[in-house]
Amino acid sequence: MAHAIEAPASTTAEGPTSHTQNQAPGFDFQDATRPATNALIALTGPANAGKTYTALAMATGMGTTIGVCDTERGRASHYAGLFPFKHLRMPDYRPQTLVRALALGAQRGIDVMVIDSGTHYWSGRGGVLEQVDRTTSASRSGNAFTSGWKSIKPIELEMWDAVMAYPGHVIMTLRVKTAYELVTSKSGGVEPKKLGLKPDQRGDAEYEFDFVGDLDMDHTMTVSKCSYPGLFESGERIELPNTETGNKIVTWLSQGTPLPTVQDYVDQVMNPESTYEELLALFRGELSQRGLLGAALFAPDTQEQTTLGGLIARIGSTRKTAAATTSPTSSSAEGSAA
């Protein structure tokens, strides 16, 4: 279905290229404005640093309906008497299962999603690393790069697309592990050097988040990344981060210019008056630019799990076919053939 919405060819034999005259409508520099977006937060720390408690405390100040995707053997439920939230004990750690949970969360109207923890989808049983190992072992080549990662990387990317495009705030907790690098020793050999702690996830996972807080055993959070200018400084320490911390973040975010939500786009796609051309422009334009094509959801008409991009591709294909069969050209051709 996805091939129904295709990018135009970059060049023609004699005509202009897509890098010159054939730019998409609206492809131009505009005055920058700050949009009202959802929070993307990562909380890292060792065991007993208070990641789950802090996530729930912050989430309580960020929205009205909180959901927890629990990979920690149901431990989030221990806080049910302290914070109101919807609880989903994850049956496995496959990235595909998290995507389905996010689609369900969107359908249930959960406006703050806590993923506790994101580490399991990387290094847990059934996570990315184990799926790569299994696929590699089952392949003829036995090469992780030409078989394992080639097959599993798209699945991992789909998971991250769904996390980043979730129609609500997201808080992901991450376990940490000791990081090392190989350095040259005084004797001229190579030895490992301890660098400190790093999140137990893919190496660039922190780039996906706007705010990263590192918790220590005193439950103090050190801000290691904050993309909200003037809100928190890098290196700033917050003792016992709580509901007020979360509310401070969403208050700052809400001061931006409101943008259409994922549900607004779904309604537009399902509107019978939306044409194939309009859906194509939507697909290639603002949805692609906003990174929302991977938003996980259940199709309103079939209740099948899909993505916003997949829904547009399917509906757009149907409307393109319908338009072709009812066009004057098609009717004339059919009359001539008769």
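The values are calculated or read from the model by the stated rules, or taken from the named source; none is laboratory data. The shown structure was predicted, so the numbers you read here are calculated from the model rather than taken from an experiment. Reconstructed Cβ throughout: ideal geometry from the backbone, glycine too, with neighbour counts over all protein chains shown. Ligands, DNA and RNA are excluded from the accessible area calculation, which covers all protein heavy atoms including side chains. Shrake-Rupley method; radii C 1.70, N 1.55, O 1.52, S 1.80 Å.
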If you take just the strands (runs of 3 or more DSSP E) that sit entirely in segment 128-227, which of them hold at least 3 residues that are crowded, with 16+ Cβ neighbours inside 10 Å and modelled with pLDDT of 95 or more?
-> 169-174, 211-215, 220-226
Looking for whichever is of a type outside the set (A, V, I, L, M, F, W, C), surrounded by 15 or more Cβ atoms within 10 Å (Cβ to Cβ) and under 30 Å from A324 (Cβ atoms) here; the options are E278, E286. Which one fits?
-> E278
In segment 79-118, what count of residues is obtained for those that are in a strand (DSSP E or B), open to solvent by 10 Å² or more (accessible area, probe 1.4 Å) and over 22 Å from E130 (Cβ atoms)?
-> 2
Exactly one condition in (1) free of Cβ contacts under 8 Å to residues at least 60 places away in the same chain; (2) under 19 Å from D111 (Cα atoms) is not met by H78; state its number.
-> (2)
Is at least one residue of segment 67-78 in a strand (DSSP E or B) and open to solvent by 10 Å² or more (accessible area, probe 1.4 Å)?
-> no
Report yes if S234 is at pLDDT below 95, among the small types (G, A, S) and not in a helix (DSSP H, G or I), otherwise no.
-> yes
A295 passes all but one of the listed conditions (1) within 18 Å of P35 (Cβ to Cβ); (2) at pLDDT below 95; the exception is number (2)
